[in-house]
Amino acid sequence: MNKKNIPVSEYKNVRDLLERYVEALRTGSVDMMSGIFHKDVVTHGIVDGELVGGTGNLAAEFVRINGASPEITSHIDILDITPVTAVARIIIENDAIGSDCCEYVNLIKTDGKWSVFSKAFLQFDK
(Lines give C-alpha, C1' and ligand atoms only; values in the text may rest on other atoms or scores of the structure.)
Protein backbone atom coordinates (compact mmCIF):
# COMPACT_ATOMS: atom_id res chain seq x y z
CA MET A 1 0.00 0.00 0.00
CA ASN A 2 1.27 3.49 -0.89
CA LYS A 3 0.08 5.84 1.81
CA LYS A 4 1.19 9.44 2.19
CA ASN A 5 1.77 9.99 5.92
CA ILE A 6 2.74 13.66 6.07
CA PRO A 7 0.62 16.33 4.37
CA VAL A 8 2.41 19.06 2.42
CA SER A 9 1.00 21.59 4.90
CA GLU A 10 3.36 20.22 7.59
CA TYR A 11 6.37 20.89 5.36
CA LYS A 12 5.05 24.42 4.89
CA ASN A 13 4.59 24.86 8.65
CA VAL A 14 8.21 23.84 9.30
CA ARG A 15 9.51 26.06 6.48
CA ASP A 16 7.44 29.02 7.73
CA LEU A 17 8.92 28.64 11.23
CA LEU A 18 12.47 28.52 9.89
CA GLU A 19 11.84 31.47 7.56
CA ARG A 20 10.61 33.40 10.61
CA TYR A 21 13.91 32.51 12.33
CA VAL A 22 15.93 33.91 9.41
CA GLU A 23 13.72 37.01 9.34
CA ALA A 24 14.34 37.51 13.08
CA LEU A 25 18.07 37.40 12.35
CA ARG A 26 17.65 39.83 9.42
CA THR A 27 15.70 42.36 11.46
CA GLY A 28 17.52 41.78 14.74
CA SER A 29 14.26 40.98 16.53
CA VAL A 30 14.70 38.98 19.73
CA ASP A 31 10.91 39.16 20.20
CA MET A 32 10.35 37.43 16.85
CA MET A 33 12.50 34.52 18.11
CA SER A 34 9.83 33.77 20.70
CA GLY A 35 8.22 30.41 19.99
CA ILE A 36 10.80 29.36 17.40
CA PHE A 37 13.07 27.58 19.86
CA HIS A 38 11.88 25.06 22.44
CA LYS A 39 12.45 26.19 26.03
CA ASP A 40 14.97 23.34 26.46
CA VAL A 41 16.80 23.89 23.16
CA VAL A 42 20.44 22.78 22.91
CA THR A 43 22.83 24.45 20.46
CA HIS A 44 26.40 23.53 19.63
CA GLY A 45 28.67 24.52 16.81
CA ILE A 46 32.15 25.31 15.60
CA VAL A 47 33.22 28.97 15.58
CA ASP A 48 36.81 29.85 14.68
CA GLY A 49 37.73 26.19 15.07
CA GLU A 50 36.36 25.92 18.62
CA LEU A 51 33.29 24.11 19.93
CA VAL A 52 30.78 26.55 21.45
CA GLY A 53 27.23 26.22 22.68
CA GLY A 54 24.95 25.13 25.44
CA THR A 55 21.32 25.29 26.43
CA GLY A 56 18.86 28.13 25.95
CA ASN A 57 18.11 30.30 22.96
CA LEU A 58 21.64 31.14 21.85
CA ALA A 59 20.32 32.57 18.57
CA ALA A 60 18.48 35.26 20.53
CA GLU A 61 21.69 35.94 22.46
CA PHE A 62 23.55 36.30 19.15
CA VAL A 63 20.99 38.91 18.05
CA ARG A 64 21.20 40.75 21.40
CA ILE A 65 24.99 41.00 21.08
CA ASN A 66 25.39 41.56 17.32
CA GLY A 67 22.14 43.18 16.20
CA ALA A 68 20.44 42.85 12.84
CA SER A 69 21.73 41.02 9.77
CA PRO A 70 20.28 43.23 7.00
CA GLU A 71 22.34 41.56 4.24
CA ILE A 72 21.59 37.97 5.29
CA THR A 73 20.58 35.43 2.67
CA SER A 74 19.55 31.84 3.28
CA HIS A 75 18.44 28.56 1.80
CA ILE A 76 16.30 26.06 3.72
CA ASP A 77 16.06 22.33 3.00
CA ILE A 78 13.56 20.16 4.85
CA LEU A 79 15.55 16.92 4.99
CA ASP A 80 12.98 14.68 6.64
CA ILE A 81 9.70 14.92 8.50
CA THR A 82 7.50 12.61 10.55
CA PRO A 83 4.21 13.46 12.25
CA VAL A 84 6.09 14.95 15.25
CA THR A 85 9.76 15.43 14.24
CA ALA A 86 11.61 17.14 11.43
CA VAL A 87 15.20 17.74 10.36
CA ALA A 88 16.24 20.72 8.27
CA ARG A 89 19.40 22.34 6.94
CA ILE A 90 19.76 26.11 6.73
CA ILE A 91 22.56 27.67 4.72
CA ILE A 92 23.16 31.24 5.84
CA GLU A 93 25.35 33.85 4.20
CA ASN A 94 26.37 37.23 5.60
CA ASP A 95 24.96 37.29 9.12
CA ALA A 96 25.39 40.24 11.50
CA ILE A 97 29.13 39.60 11.82
CA GLY A 98 29.61 38.87 8.12
CA SER A 99 29.86 35.11 8.57
CA ASP A 100 28.44 32.26 6.55
CA CYS A 101 27.29 29.07 8.23
CA CYS A 102 25.48 25.79 7.84
CA GLU A 103 22.93 24.89 10.50
CA TYR A 104 21.24 21.54 11.05
CA VAL A 105 18.10 21.89 13.15
CA ASN A 106 15.92 19.24 14.72
CA LEU A 107 12.32 20.20 15.34
CA ILE A 108 9.61 18.69 17.46
CA LYS A 109 5.86 19.20 17.34
CA THR A 110 4.25 19.56 20.76
CA ASP A 111 0.80 20.90 21.54
CA GLY A 112 0.25 21.25 17.79
CA LYS A 113 3.22 23.61 17.28
CA TRP A 114 6.65 23.10 15.78
CA SER A 115 9.78 24.32 17.57
CA VAL A 116 13.52 23.83 17.24
CA PHE A 117 14.82 21.60 20.05
CA SER A 118 18.43 21.22 18.88
CA LYS A 119 20.80 22.95 16.52
CA ALA A 120 24.28 21.98 15.32
CA PHE A 121 26.15 24.48 13.17
CA LEU A 122 29.42 25.24 11.47
CA GLN A 123 30.63 28.79 10.93
CA PHE A 124 32.74 28.81 7.77
CA ASP A 125 36.14 30.49 7.71
CA LYS A 126 36.06 34.10 6.57
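The values are calculated or read from the model by the stated rules, or taken from the named source; none is laboratory data. What you are looking at is a predicted structure, and each value in this text was computed from that prediction instead of being measured. All Cβ positions, even for glycine, are placed from backbone atoms using ideal geometry, and neighbour counts span all protein chains on display. The protein model used for the area step is the full one, side chains on, heavy atoms only, and it has no ligands, DNA or RNA in it. Shrake-Rupley method; radii C 1.70, N 1.55, O 1.52, S 1.80 Å.
Give me the extension gain from residue 89 to residue 11: residue separation times 0.36 nm, minus the current Cα-Cα distance, reported in nm with one decimal.
Details: separation 78, 0.36 × 78 = 28.08 nm, distance 1.32 nm.
Between residue 89 and residue 11, full extension yields an extra 26.8 nm.
What is the dipole size for region 60-126, taken about its Cα centre, with +1 at each Lys and Arg Cβ and -1 at each Asp and Glu Cβ, in debye to the nearest 20?
260
What is the helix-to-structure angle for 8-27, meaning the angle in degrees between its Cα long axis and the longest Cα principal axis of the chain, kept from 0 to 90 and rounded to the nearest 10?
The answer is roughly 10 degrees.
Using only the alpha-carbon atoms of region 68-125 as identical scatterers, what base-10 log of I(q)/I(0) does the Debye formula give at q = 0.19 Å⁻¹?
-0.71
Can you compute the FRET efficiency between residue 19 and residue 51 using 1/(1 + (r/R0)^6), with r the Cβ-Cβ distance and R0 = 30 Å? Round to the nearest 0.05.
0.60
Considering amide H positions built from the backbone, and no H for Pro or chain starts, which residues 5 or more places from residue 118, or on another chain, come under 5 Å of its amide H?
Close amide H contacts, sequence-distant or interchain: 42, 106.
Roughly how many debye, to the nearest 20, is the charge dipole of the chain about its Cα centre, given +1 on each Lys and Arg Cβ, -1 on each Asp and Glu Cβ, and no other charges?
Rounded to the nearest 20 debye, it is 580 debye.
Can you run phi through the Karplus equation (6.51, -1.76, 1.60; θ = phi - 60°) for region 94-99 and list ³J(HN,Hα) in whole Hz, with x for Gly and Pro?
Coupling constants for region 94-99: 6, 6, 4, 9, x, 9 Hz.
Are any of the pairs 12/119; 3/119; 12/126 more than 28 Å apart by Cα-Cα distance, and if so, which?
3/119; 12/126
For the chain, set up a GNM with springs between Cα atoms under 10 Å and report which of 50, 23, 71 has the largest fluctuation.
Looking only at 50, 23, 71, the biggest GNM fluctuation is shown by 50.
How big is the antiparallel share of DSSP beta bridges in the chain, given as a percent to the nearest 5? Write out the running numbers ahead of the final one.
Details: 32 of 38 bridges.
Restricted to the chain, the bridges split so that about 85 percent are antiparallel.
For the chain, set up a GNM with springs between Cα atoms under 10 Å and report which of 45, 35, 98 has the largest fluctuation.
98
How many times 2.2 N^0.38 Å is the alpha carbon radius of gyration of the chain?
That ratio works out to 1.05.
Suppose every K and R has +1 on its Cβ and every D and E has -1 on its Cβ; what is the size of the dipole of region 12-64 about the Cα centre, in Debye to the nearest 20?
So the dipole magnitude of region 12-64 works out to roughly 220 debye.
What number comes out for accessible area per residue over region 40-126 if the probe is 1.4 Å? Units Å², please.
Value returned for region 40-126: 54 Å² of accessible area per residue.
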